[in-house]
Ligand SMILES: C[S@@+](CC[C@H](N)C(=O)[O-])C[C@H]1O[C@@H](n2cnc3c(N)ncnc32)[C@H](O)[C@@H]1O
């Protein structure tokens, strides 16, 4: 009988990695439950009730007590909610409530789990695009992806766009205070457009996106926010939206999704006023892979592989910058589109913000 040789391995390294993997497996398993808890209002119920048992959470949310009991146990084991053995009750600490239940908190992240569920549902299509290389258009995705994107990015836009990013652009905030006209390209559900419109009541805003259902959702959101008189939303491509001598053109987390970002940059150069600004908000990334091997990079490379890269490959040119393109490549896109001025004006752990202008400052 042939002897089977056991590969040499370091037992402590193995134990360490298996331990880490078990944590990740628990997080993935609880990912679907987090999405369900978000949809059914369990986190908000826990925030409201303070400390509660399954019966109280089920009564508050109109759900099955037995199912809720199991959900609460799973989430307590994952450490997403807290359990008190003495009282046999569950609660959400203030910090966890900020992440899962309070939509106004700067770290509210429940929307991410919409995105996670959408990519699981789209797995067969994503796998197919690995084989074909044809890509997967935004219009072919599970609808959960669109509302998840809107909910996830809303947190950052709400807390950084008006107070930090716009004031960092050259003279833009002052212009918008007295009027001005803004294009929000690849606007999705119009979250960023509406936040800007609410902050600058004298300015006019035009949101454009290639995806008709997102434009419908954006129009509805604008009506609900009471800003429809100054905010319009239309289906248009980043390369062909109307050129109206905009004071500001914004691309929120969409430049790298485009098939032809250089073509879009060239179009923006025609669409923006001679002294106007192009604000490009992109996922935070360093230029080199080795510098992106961290938790944020893990999220973004995964999203890039399953969402952004196939989205770009499905369009003409199919440049597929990827969500971790880095500043040097993005600067190159702006320069190839004819922009002479490009600078980083702000960043958060999740985003980098650039300003491009037609001419270099003298
Ligand atoms: C990741 S989402 C970002 C949406 C929104 N800007 C936000 O930050 O929530 C990318 C958006 O780009 C849009 N998009 C993709 N390719 C486009 C193109 N060629 N022209 C216009 N919009 C495009 C998609 O429909 C999608 O709404």
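Structure notes:
- Stretching the chain fully between residue 132 and residue 59 yields a gain of 21.4 nm (0.36 nm per residue, less the alpha carbon separation).
- Contact order normalised by residue count of the chain, Cα under 8 Å, 6+ apart, percent: 12 percent
- Beta bridges per DSSP with both ends in region 154-357, % antiparallel, nearest 5: 40 percent
- Over region 121-178, equivalent-ellipsoid semi-axes from the Cα gyration tensor in Å: 37, 14, 9
- Candidates 320, 266, 29: whichever shows maximal mean-square fluctuation once the chain is modelled as a Gaussian network with Cα springs under 10 Å: 29
- DSSP bridge orientation in the chain - percent antiparallel, rounded to nearest 5: 45 percent
- Measuring between their Cα centroids, region 259-307 and region 35-104 lie 37 Å from each other.
- Extension gain (nm, one decimal) between residue 121 and residue 198, 0.36 nm per residue minus Cα-Cα: 24.2 nm
- Sequence of 288, 256, 267, 159 once ranked by neighbouring C-beta atoms within 10 Å, starting from the fewest: 288, 159, 267, 256
- Shape box of the chain [Cα atoms, principal axes, largest first, Å]: 69, 63, 35
- With contacts taken as Cα pairs under 8 Å at a separation of at least 6 residues, region 138-255 carries a relative contact order of 28 percent.
- Value in Å of the Kirkwood radius, where region 154-357 supplies the Cα pairs that are averaged: 16.8 Å
- Least to most buried among 305, 156, 6 (fewest other Cβ within 10 Å first): 6, 305, 156
- Region 306-362, relative contact order [Cα under 8 Å, separation at least 6], %: 22 percent
- Remark: 278, 138 ranked as 138, 278, counting other beta-carbon atoms within 10 Å and listing the fewest first.
- Maximal additional length on extending the residue 220-residue 291 stretch stands at 21.5 nm, based on 0.36 nm per residue less the C-alpha distance.
- Cα-Cα pairs of region 11-100 separated by more than 19 Å (percent): 39 percent
Just so you know, all these numbers are worked out from the coordinates, no wet-lab data involved. Because the structure is predicted, anything quoted here is derived from the model rather than measured. Every residue, glycine as well, gets a Cβ built from its backbone with ideal geometry; the counts of neighbours run over all protein chains shown.
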